[in-house]
Structure formats: structure tokens, C-alpha cells
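Step one of this worksheet: look at the structure below.
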Amino acid sequence: MKSLQERITFPVIIGFVFVILIALIWFLFFNGNPSSKDFSSNADTEFTLQRSESGEWILNQAVVDTSRRIFDENGNWLSFDELLQYASTGEVNLVSELWGLRRQCPENVAYEQCNEIIRAFIADHYSGKDAEYLMKLFSGYLKYETTMREFEFSDKLSRSEKYELVKKKRREFFSDQDAKLIFGMEESEETYRDSLGGFLKNTESLNGDQRMLKYEEFRKNVYGQYYNTIKTREPKFNTYETELFIRDKELEKMNLSDRNGKTRIIREKYFGKDGADRMDTVYKEIEAREKQEKQTQNEETDWIQKNSNVKGEAREKALMEIRIKNMGKEEAEEYSRRLKYEEELKKNQN
């Protein structure tokens with residue numbers, strides 16, 4: 001197991017739960033236990049948790065001991081407080097990691113069997129009120145998950161109205177605080193999508209710098225405790241394109257030279273001078289190709305109008321000569337293949 005410092009941003013709880021799954025598989029197939037078929041029929045007996053008279057959870061000790069021998073060699077388990085801290089900032093998404101874990105289950109291990117292994121992990125590695133709290137969260141999520149499989153939305157509802165119903169449903173199973181721990185980042189991202197249009201409209205009269213400042217204020221207000229995680233994870237190119245989008249009104253008002261200069265400054269801000277140079281080269285190549293294609297299309301149209309009686313191979317040969325003249329042989333052939341592909345798509349759509 002990695003040290004805490006090495007796994008700060010790793011989805012911790014699912015990594016730990018995966019330990020139990022691997023240990024289980026190792027124990028069953030390499031330690032002389034019953035066959036996988038027998039396990040499937042006996043799993044409920046082995047992994048359904050029970051309590052002792054003193055209130056302690058009773059676990060399958062062989063599985064627990066095996067997991068410790070194999071995996072717990074380099075550091076300590078993440079504490080309860082650390083686990084909640086990473087979940088509350090969005091560094092760990094408990095729901096998506098849970099589903100990632102389930103995809104790793106062997107085919108013969110049923111849905112409920114995986115759930116019991118997760119419960120066993122919680123009971124073994126957390127104690128007292130901490131274990132009770134995590135067990136309550138997990139059990140609540142299973143009930144919520146079952147309910148939502150059967151929940152039907154009216155077709156008359158908008159996307160935002162449907163999502164509000166989902167949020168309301170979640171709070172039937174969790175307190176508001178617990179719901180935010182499990183679904184908080186997802187819900188803040190939904191709020192961002194719903195309110196972005198209003199922000200853009202309300203700030204369209206501001207200059208670029210002012211609008212960028214307002215945009216970051218807007219995101220901080222929407223994302224709250226998840227803001228730093230969002231900022232850390234977003235790809236540079238996405239951030240770059242977002243700034244161009246936020247500044248679009250300002251850039252449209254500039255002449256070509258000033259607009260190119262401003263765009264260059266923004267590129268260097270995110271990618272440095274070398275990165276901006278490479279982007280300039282790519283965009284120039286794209287622009288040159290677009291001009292070539294536009295010129296080719298105009299010449300082809302002109303030729304067809306003047307030679308409307310020419311059909312078949314003679315027509316295709318003449319058009320290819322125009323393409324080769326403007327683009328070169330290799331690009332002309334690629335362009336022709338792309339046109340045919342687009343024509344086939346249109347036919348299939350009709």
C-alpha cells in the first residue's frame with residue numbers, strides 16, 4: 001500500500017475495498033477453499049455481517065488476515081477524518097469509485113456479495129462511531145440506488161426539473177450534510193451548467209479582464225469547497241478555450257492584428273512561449289488548408305458550371321486535377337476520400 005502522501009488524490013476508500021476483493025479471490029483460488037461455484041452459493045453465510053454480544057462486528061478473519069499479509073506493508077490505513085476530508089473537497093468521488101470497484105468483481109460474485117465485502121472492510125478498518133457512520137452512509141446509498149432504478153420521470157419535465165427531483169430524492173435517504181458528502185461535487189457541477197447562461201448574459205457589457213474576474217468569482221460561489229479540486233483537475237487547453245470564450249465580445253471588436261496579439265498573450269499564459277509557438281504553427285497550417293479547400297471548392301464549382309455536359313470519369317478526373325493543383329497529390333486524395341465519406345453519411349441519414 002502507498003503511503004498517505006503518495007495517495008492523497010487517489011480514490012482512497014475504493015482502493016482499500018479493492019484490497020478485500022483481491023484477498024478474497026486469492027484466498028478462494030489459491031488457499032484450498034471451496035470452488036468458485038461453491039462460494040457463490042455460500043457467500044451469504046460467509047460475508048453477511050453479524051454482531052457479537054458486546055456489539056462488535058464478526059468478520060471472516062481468514063480473508064482479513066490474508067489482505068493484511070499481501071497489501072498492508074508500507075503504511076497506515078487512511079483515517080476516518082482524512083477520508084471525510086478528501087470526500088468533502090471532491091478529491092474522492094465515492095459513487096464513481098464504488099462502480100469502478102463493482103466492475104472488478106468476478107462474474108460469479110453477485111451484487112449483494114460485493115456489498116457485503118465492502119461492509120466487512122468498513123467494520124474491520126474503522127471502529128466505534130466512525131464505523132457506524134460509514135456503514136450508515138453505505139447502507140443508505142444502497143437503498144437510494146435501488147429506489148432510483150425504479151424511479152420514473154415525467155416526459156414533460158425539463159432536465160433541470162428532473163435533476164431537482166433527484167436531489168430531493170437523495171435527501172429522503174441522507175441528511176443534507178451527508179448528501180453533500182456523497183453527491184456534492186456532482187450537484188455543484190449541475191448548478192454551474194444551469195447558471196452559466198445567466199452569468200454570461202449579466203456580464204456581456206464588461207471588458208475581458210473584468211469578465212474573467214467575475215467568472216472566477218462566479219465559479220467560487222458555485223463550487224464552494226470543491227473549487228480548488230476543480231481548478232486542479234481542469235486541463236489547460238479547456239481553461240484556455242474557456243478564457244477565449246469569456247473574452248469573445250472583446251476579441252470581436254479588435255482588428256486582426258490586435259486580436260492575434262491578444263490571443264498570443266493568452267496562449268503564452270497557459271502554455272508558455274514554446275507551447276504558444278507550436279499552437280501558432282498548427283493554427284497556421286489549419287488556416288492554410290481551409291484556404292486551399294475554399295479555393296478548390298470555388299474552382300470546382302466554376303468548372304462544373306462551365307462543363308455541365310461532362311459526366312462520369314472525365315468529370316472526376318478534371319476535379320481531381322484541380323485538387324492536386326491546389327493541395328498536392330496526397331492531400332487531394334485525402335480530401336476526395338473525406339468528401340465521399342461525408343456523402344455516404346448524408347445518404348444514410350436520409
Search result, residues across region 171-201 that are of a type in the set (A, V, I, L, M, F, W, C) and either assigned to a helix (DSSP H, G or I) or under 23 Å from Tyr240 (Cβ atoms) (or both):
Ala179, Leu181, Ile182, Phe183, Met185, Leu196, Phe199, Leu200
Just one of (1) modelled with pLDDT under 95; (2) part of a helix (DSSP H, G or I) trips up Glu204, so point out which.
(2)
For the subset of region 333-350 comprising residues that are under 19 Å from Ile304 (Cα atoms) and either touching a residue at least 24 places away in the same chain (Cβ under 8 Å) or among the basic types (Lys, Arg) (or both), which member is surrounded by the fewest Cβ atoms within 10 Å (Cβ to Cβ)?
Lys340
Residue set Arg315, Arg259, Arg337; condition within 37 Å of the chain's Cα centre (by Cα), more than 30 Å from Leu213 (Cα to Cα) and in a helix (DSSP H, G or I); output residue Arg337
Which one of the conditions (1) over 30 Å from Leu319 (Cα atoms); (2) surrounded by 14 or more Cβ atoms within 10 Å (Cβ to Cβ) does Glu299 fail to meet, given that it meets all the rest?
(1)
Has region 68-80 got at least one residue that is at pLDDT 75 or above and not small (Gly, Ala, Ser)?
yes
Tell me whether region 120-133 contains one or more residues that are modelled with pLDDT under 90, under 26 Å from the mean Cα position of the chain (by Cα) and outside the structural domain of Phe183 (by TED's automatic domain parsing).
no
Residues satisfying the stated conditions in region 199-233, i.e. closer than 20 Å to Lys180 by Cα, of a type in the set (Lys, Arg) and touching a residue at least 24 places away in the same chain (Cβ under 8 Å):
Arg219
Would you check if Lys136 is in contact with a helix residue (DSSP H, G or I) (Cβ under 9 Å, 6 or more places away or on another chain), in the same structural domain as Gln85 (by TED's automatic domain parsing) and surrounded by fewer than 18 Cβ atoms within 10 Å (Cβ to Cβ)?
yes
Residue tally, condition assigned to a loop (DSSP other than H, G, I, E, B) and either in contact (Cβ under 8 Å) with a residue 60 or more places away in the chain or surrounded by 14 or more Cβ atoms within 10 Å (Cβ to Cβ) (or both), over region 145-170:
0
Selection from region 171-190 of residues of a type in the set (D, E, K, R) and surrounded by fewer than 16 Cβ atoms within 10 Å (Cβ to Cβ) yields Arg171, Glu172, Asp176, Glu189
Here the residues within region 223-250 that are assigned to a helix (DSSP H, G or I), under 24 Å from Ile265 (Cβ atoms) and of a type outside the set (S, T, N, Q) are Lys231, Lys236, Phe237, Tyr240, Glu241, Glu243, Leu244, Phe245, Ile246, Asp248, Lys249, Glu250
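The values are calculated or read from the model by the stated rules, or taken from the named source; none is laboratory data. Keep in mind that what you see is a predicted model, and the values were worked out from it rather than measured. Backbone-built Cβ (ideal geometry, glycine too); neighbour counts: all protein chains shown.
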